[in-house]
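Novice: Pasting a structure below so you can have a look.
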Amino acid sequence: RFEEALQEARQVDKLLSESPGNDYLEEKFPLLGVPITIKEAFSVHGMPNTSGLVNRRNVIATSDATVVSRLKQAGAIPLGVTNCSELCMWYESSNRVYGRTNNPYDLQRIVGGSSGGEGGVLAAACSVIGVGSDIGGSIRMPAFFNGVFGHKPTTGVVPNDGQFPNARGVRTSFLCTGPMCRYAEDLEPMLRVMAGPGVNKLKLNEKVSLEKIKFHCMDHDGGSIFVSPVDKEILQAQKKVVEHLEGKLGVQVRRVAIHKMKYSFQIWSAMMSSKDSDGQEAQLFTDLLADHGKPVWPLWELMKWLMGMSSHTLPAIALGLTEKLMKLNPGGNAKLVSMGKSLQEEMEALLGPDGVLLYPSHPIIAPRHHSPICMPFNFAYTAIFNVLGLPVTQCPLGLSSEGLPLGIQLVAASYNDHLTLAVARYLEQAFGGWILPGKV
């Protein structure tokens, strides 16, 4: 919406020239004139809202999602909407409506998903701040692969309404809407605006003393058979963070081994498909695939895909096929849900009011296109924190030997978002934050 954006920018210029003092404007419009992009899964008035589903290609939003409305009211100017994976349930942003989004650091690499277009647009300096959503790492994986910042807030603070697909049943406790940006200092003002009255649940006005934070560190999940081993350069980057914190802040970073993290993928899958407290079943992905169209039969779609005739992507078809398998083992699922609740209690007790956990954002540095199909469960490194409800900030840590972004997840106990945001600001100064693609 470039023409409208320019018109809105001129109105901002006029407002500034006519205003006697900017203090009032700053308080009323904290994001006045700031260009913003928004994941296409969110309703932005007058913009497409397909979520990469061919049957929705003619859907144009007639209203704004709550977070979009709040950002506009704060003065932000939307430039447009950005690509995501089909129905936001895969970690490569490619679909049959818009095609594939490429990583600005290497066009042969993925941008991640499902907020992948947002990660790529921010990294390429097309916009300065952006909106993403995250039910399994959909903010943090793109932020990691594209060397920018992304924050998954504590569950239930930022409203999720106005996006498609939206969470139903138990998944409303796992889906989070949050800010993505190039500079760490922008996370907090964005979060304040997006949370609205909900911001009172967070402690964003509390001053953080980094020296008093109890830091914990985990190098990997403990060796899950479903997940790739953590790349050496990611481990080295995390080690440098530990050494820096210990050397400069004089803190002791405590190494921890949380056994249940080894079952992150299984716990996330079981909790995602569990019933809510009212006994409501989780919505089937196959039903979402049929939005604005006829019922979808995953096996038939696979046959069509093999002949080049399906309007769906292979990951979406595969998810439709596998979700039925989850229902075949209710006893095993119940045990995993129980393990998830126990892990949540363990994490909250470990982190407490002043703890931050350092944990890899993903086991692999920005993979090549299509390769996620061969390692589909690597998103477990981010997904586990959705079902635990904890706030997490993805923080860039420079570039790898191949010039690809490195990064780390900063995790805190519920409602302690202020701790991870403060550590992210500190690590940005220490390790350089976002680096312009092609600069090195």
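Novice: Please report, as a whole percent, how much of the solvent-accessible surface of the range 174-243 comes from carbon and sulfur atoms (probe radius 1.4 Å).
Specialist: 51
Novice: Also, quick follow-up: Keeping all protein chains in position, work out how much accessible area Ile364 exposes to a 1.4 Å probe, and write it in Å² to the nearest 10.
Specialist: 40
Novice: Now, a different point. Assuming R0 = 51 Å, what is the FRET efficiency of Lys232 and Leu32, from their Cβ-Cβ distance, to the nearest 0.05?
Specialist: 0.70
Novice: Subtracting the Cα-Cα distance from 0.36 nm times the residue separation, let me have the gained length for Gln429 to Leu107 in nm, one decimal.
Specialist: Additional length available on full extension: 113.1 nm.
Novice: Using a 1.4 angstrom probe on the protein heavy atoms only, could you order His369, His244 from most to least accessible area?
Specialist: Result of the area sort, largest leading: His244, His369.
Novice: For Ser338 and Glu18, FRET efficiency with R0 = 60 Å and r from the beta-carbon atoms, rounded to 0.05?
Specialist: Numbers: r = 61 Å, r/R0 = 1.02.
Calculated value: 0.45.
Novice: Using a 1.4 Å probe and ignoring any ligands, DNA or RNA, find the accessible area of Met375 and quote it in Å² to the nearest 10.
Specialist: So the heavy atoms of Met375 present about 40 Å² to solvent.
Novice: Here is a further query. Keeping all protein chains in place and using 1.4 angstrom, which order do Met307, Met339 fall into by accessible surface area, from largest down?
Specialist: From most accessible down to least: Met307, Met339.
Novice: Further question: What percentage of the solvent-accessible surface of the range 1-153, computed with a 1.4 Å probe over protein heavy atoms, is contributed by carbon and sulfur atoms? Can you show the working numbers first?
Specialist: Values: 2890 of 5660 Å².
Percent of accessible area from carbon and sulfur atoms in the range 1-153: 51.
Novice: At 0.36 nm per residue, and after removing the present C-alpha to C-alpha distance, how many nm does the segment from His45 to Leu350 gain when stretched out fully? Don't skip to the answer; put the middle values down first.
Specialist: On the way: separation 305, 0.36 × 305 = 109.80 nm, distance 4.35 nm.
Separation in residues times 0.36 nm, less the Cα-Cα distance, equals 105.4 nm.
Novice: While we're on this one: Please give the per residue accessible area of the chain, computed with a probe of 1.4 Å over protein heavy atoms only, in Å².
Specialist: 42
Novice: In whole percent, what relative contact order does the chain give with Cα contacts below 8 Å and a gap of six or more residues?
Specialist: About 19 percent, as a whole number.
Novice: Here's another thing I want to ask about it. Taking square-rooted eigenvalues a ≥ b ≥ c of the alpha carbon gyration tensor, is the range 129-259 rounded, prolate or oblate, where a/c under 1.5 means rounded and, failing that, a/b exceeding b/c means prolate?
Specialist: Numbers: a/c = 1.89, a/b = 1.32, b/c = 1.43.
Because a/c hits 1.5 or more and a/b fails to exceed b/c, the range 129-259 counts as oblate.
Novice: For the chain, what does -39500 (n - 2.57) per DSSP helix run (n ≥ 4), summed and divided by total residues, give at 222 nm, in deg cm²/dmol to the nearest 500?
Specialist: Here the helix-only value at 222 nm equals -10000 deg cm²/dmol.
Novice: For the full complex of protein chains and a 1.4 angstrom probe, list Lys203, Lys28 by accessible area with the highest value first.
Specialist: Lys28, Lys203
Novice: Pop a pseudo-label 7 angstrom from the Cα along the beta-carbon direction at both Arg96 and Glu211 and give the gap in nm to one decimal.
Specialist: Once both label points are built, they end up 6.1 nm from each other.
Novice: Same structure, new question: Using alpha carbon centroids, what distance separates the range 163-234 and the range 1-56, in Å?
Specialist: 25
The values are calculated or read from the model by the stated rules, or taken from the named source; none is laboratory data. Not measured: the values here are computed from a predicted model. Don't worry about glycine lacking a Cβ; one is built from the backbone with ideal geometry, like all the others, and counts go over all protein chains shown. Please note that ligands, DNA and RNA were not included when accessible areas were found on the heavy atoms of the full protein model with its side chains. Shrake-Rupley method; radii C 1.70, N 1.55, O 1.52, S 1.80 Å.
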